[in-house]
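What follows is one structure encoded as structure tokens, with my remarks underneath.
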Amino acid sequence: MIIDLGNIWEALSAIGTIAVVIVSLHLARRDYRKKLEIDYWTSYEVFSGDNISLWCIDIVNTGAVPFKIYEIGICKKRLLRKSAKKTMAFSSRDLEQESAKLPILLMPQEDATYFVMKDECLIELKKSGFKNQNLKMYAKDTTGKYYFAKRFKIRNELG
């Protein structure tokens, strides 16, 4: 009894060819995706003898494509619905004078730094109903895509 496996090998060859094409298209396209890194830290500024704490929000375009950021802020993502977000966007009056302007066009490898009064922001967050929740800093581009920084909790920031 002889089994003819010719058709099976041709089918496996076709599947392998399709897989190679998909992988090569993915590798060719990944360099042209929008990539953004957001980091924040607390800094202190001495003003009239008082230490004023500031959140420094740094946004870096690590991709190869320029894009425009038109909003930064703080949000809480709801677990049940991805699209439902409770947000607090920073307006130009919330940002310190040394901050970059909004909206801003970030070319590849460029960065923008924003400074926000931390204590005033935390008070506004508590008034808005953000209490002891995991929050994230975010930036939003012109296509409506959100880019997030690491999470923080309000009670940890008050200490």
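Brief remarks follow.
- Pick from region 134-159, criterion farther than 20 Å from Glu37 by Cα and surrounded by 14 or more Cβ atoms within 10 Å (Cβ to Cβ), ranking: modelled with the lowest pLDDT: Glu157
- Among residues of region 38-57 that are more than 21 Å from Leu135 (Cβ to Cβ), those with a beta-carbon under 9 Å from a residue that is among the polar types (S, T, N, Q) and modelled with pLDDT under 90 at least six positions away or on a different chain give the pairs Tyr44/Asn51; Tyr44/Ser53; Glu45/Asn51; Glu45/Ser53.
- Only residues that are under 21 Å from Arg33 (Cβ atoms) and either surrounded by fewer than 18 Cβ atoms within 10 Å (Cβ to Cβ) or in contact with an Asp or Glu (Cβ under 7 Å, 6 or more places away or on another chain) (or both) were counted across region 105-133, and they come to 6.
The values are calculated or read from the model by the stated rules, or taken from the named source; none is laboratory data. Worth saying up front: this structure is predicted, and the values here are computed from it rather than measured. We place every Cβ from the backbone using ideal geometry, glycine too, and count neighbours over all the protein chains shown.
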